[in-house]
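Below is one structure, written out as structure tokens; the observations come after it.
The values are calculated or read from the model by the stated rules, or taken from the named source; none is laboratory data. A quick note: this is a predicted structure, and the numbers were derived from the prediction, not measured. All Cβ positions, even for glycine, are placed from backbone atoms using ideal geometry, and neighbour counts span all protein chains on display. What goes into the accessible areas is simple: the full protein's heavy atoms, side chains included, and nothing from ligands, DNA or RNA. Shrake-Rupley method; radii C 1.70, N 1.55, O 1.52, S 1.80 Å.
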Amino acid sequence: MSAFRIESNFTPKGDQVKAIEDLTSSISSGEKHNVLLGITGSGKTFTMANVIQNVQRPTLILSHNKTLAAQLYSEFKTLFPSNTVEFFISYYDYYQPEAYLPVTDTFIEKDSSINEEIDKMRLRATASLAAKKDVIIVSSVSCIYGIGSPDNYNNAYISIDASDNINLKEIMKQLVEVHYIRNDVIIEPGTFRLRGENFEIFPIYDDFPIRIELFNGSIEYMYRFDPLNGTEIKKEESVIVYPAKHFITDRDTIKVAHDDIRKELSDQVKYFEAENKLLEAQRIRQRTLYDLEMMMELGYCSGIENYSRHLDRRKEGERPFTLLDFFPDDYLMVIDESHVSLPQVRAMYNGDRSRKKTLVEHGFRLPSALDNRPLKFDEFEKISNQVVYVSATPSDYEIEKANGVIVEQLIRPTGLIDPLIEVHPIKGQIDNLISEINLAVERKERVLVTTLTKKMAEDLSDYLKKFNINVEYLHSELILLSALKLSMLCEMVFLMYWLELIFLERD
């Protein structure tokens, strides 16, 4: 295991020094809940990086939206260049979940657009957790959604050692079982190919494929290469290839799950028929039998996650496996902007259940589909090991859980403090504003005035001009208009240039 090591020209300053010491001490002593109360601009990210370096534990950093998660990922990637920093967010560019509207008798098919690059990063995150200990994963709340059993995933890897003989047929069979595709024409992530005595595998989560040069069933040489020009990148003595999907099932598991699903289907059909819901009975029978046939033939079907309870051998109501289950028991969780992130985690379960319950009641899904869900909040709490809540405004929940372990970070590393804020009454506010503007003008300074609406900005600007104040308003419509004018100007310049070329050609 590589030790977590920050590589930066900066050192802790201001309140960061004491915050790092206090948090490190609290976590090392076994405190489960800790709060870092830090004002904006106090360098909370750098503080947490130093805490991770001190405690040396795999860490999950939870953020409430993708944009902030991406920013944190970039920062931690910069701070820990020698360690493994991964990104785990929802891989949908667009997602319309499966739904049914009873009022209008409208069924909405699941429709989505998957971002392959993000999917690759998600798979790389779980592969890193399976292979390494020095791992930091920055995630959105999508980490509380089911992604399949970590045991199935971790046990489905394919290990190849350069010193061993290789059974090529067996290796290819194993690759197909973990959802890799043979493609002898193009090598791309998630594929493998055999060309003469060269066997190539492109792990779906990796940037460089693996080439194995063979001779009489033995490995002569194994290395990673550039997929564009074929040049060698790095020699390998052994490689491990992890599955191309998170939901991994072997044939034996599918056969057992097949029997359980058929039994549940039989029970559900009987229930609908007893309730004289013949349409629903026919609907669930037809849909489930088609999915079962696809699973038996291909080992996979569209919407296979809805059968995850049977495939994972879970009991009814038992929570799904999530990214949190891939971490070792001693991992550290950092919840950024906890006053926003925690309510979001708390809200996920009920919204998902409401939609799926309607699908089950009208025969579009079996009742077991309800167990393909995000974690309930109490389940999230149980599988969280030690947590650091990071916020400038922690809520009552975090403060109560921390039981007094609240580390404050109020002085910025720069030493700058917040400016003094004066609050004046509404009465006479415009006269006061004019007075303040005149004082600023005498000091040869400029003034920025913000208003509640665009109309107020325009009216205030017109009013101030009556007092010979050099003032202009600015809002989104004006910015848009300026952008359009710039665009039109560019088009005119291009047209003039094009016409000039035509005249030159004629001359």
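Observations
- For the chain, the longest principal axis of the Cα atoms and the long axis of helix 16-28 meet at an angle of about 30 degrees.
- Based on C-alpha pairs under 8 angstrom that are at least 6 apart in sequence, the chain has a relative contact order of 21 percent.
- The chain: angle of helix 476-506 to the longest principal axis, Cα-based, in degrees nearest 10: 80 degrees
- Theoretical gain in end-to-end length, Glu408 to Thr451 [0.36 nm per residue, Cα-Cα removed]: 12.2 nm
- Only the Cβ atoms of Lys and Arg (+1) and of Asp and Glu (-1) were treated as charged; on that basis the dipole of the chain about its Cα centre amounts to roughly 640 debye.
- Highest average packing first - 419-429, 195-205, 35-45, 433-443, Cβ atoms within 10 Å: 35-45, 195-205, 433-443, 419-429
- Gain on full stretching of the segment that runs from Leu460 to Lys235 - 0.36 nm per residue minus C-alpha separation: 74.1 nm
- Summing Lys and Arg as +1 and Asp and Glu as -1 over all other residues whose Cβ lies under 15 Å from the Cβ of Asp226 gives a net charge of -2.
- FRET E, pair Glu318, Ser82, Förster distance 45 Å, beta-carbon r, rounded to 0.05: 0.70
- Simple spin-label estimate for Leu420 and Leu228 gives 5.8 nm between the two label positions (7 Å along the Cα-to-Cβ direction from each Cα).
- Cross-link reach is defined here as a Cα-Cα straight distance under 28 Å, omitting same-chain residues fewer than 8 places apart; for Lys234 the lysines meeting it are Lys77, Lys120, Lys132, Lys133, Lys169, Lys173, Lys245.
- Potential lengthening of the chain between Glu477 and Leu278 amounts to 66.0 nm, from the contour at 0.36 nm per residue minus the alpha-carbon distance.
- Calculated FRET value between Ser395 and Ser113, using beta carbons and R₀ = 30 Å, to 0.05: 0.30
- Straight-distance crosslink candidates among lysines, where the alpha carbon sits under 21 Å from Lys356 and sequence neighbours closer than 8 are dropped: Lys110, Lys263, Lys270, Lys277, Lys315, Lys376
- Among (i) 1.27; (ii) 0.93; (iii) 1.04, the entry that matches Cα Rg over 2.2 N^0.38 Å as calculated here: (i)
- Charge tally for Tyr92 (other residues, Cβ to Cβ under 12 Å; Lys, Arg +1; Asp, Glu -1): -1.
- Solvent-accessible ranking of His258, His310, largest area first, probe 1.4 Å: His258, His310
- Segment 318-400 shape via C-alpha gyration tensor axes, a/c threshold 1.5: oblate
- Förster radius 30 Å - calculated FRET efficiency between Ala99 and Tyr290 (Cβ-Cβ, nearest 0.05): 0.95
- Packing here is the average count of other Cβ atoms within 10 Å per residue, and on that basis the peptides 320-327, 375-382, highest first, run 320-327, 375-382.
- Of Gln286, Asn83, Ile114, farthest towards positive along the dipole that unit charges on Lys, Arg, Asp, Glu beta carbons give the chain: Gln286
- Under 13 Å, Cβ to Cβ, from Phe380 - net charge with Lys/Arg +1 and Asp/Glu -1: +2
- DSSP assigns beta bridges within the chain; of those with both partners inside it, close to 50 percent run antiparallel.
- With Cα atoms, 0 to 90° folded angle of helix 278-298 axis to the chain main axis: 70 degrees
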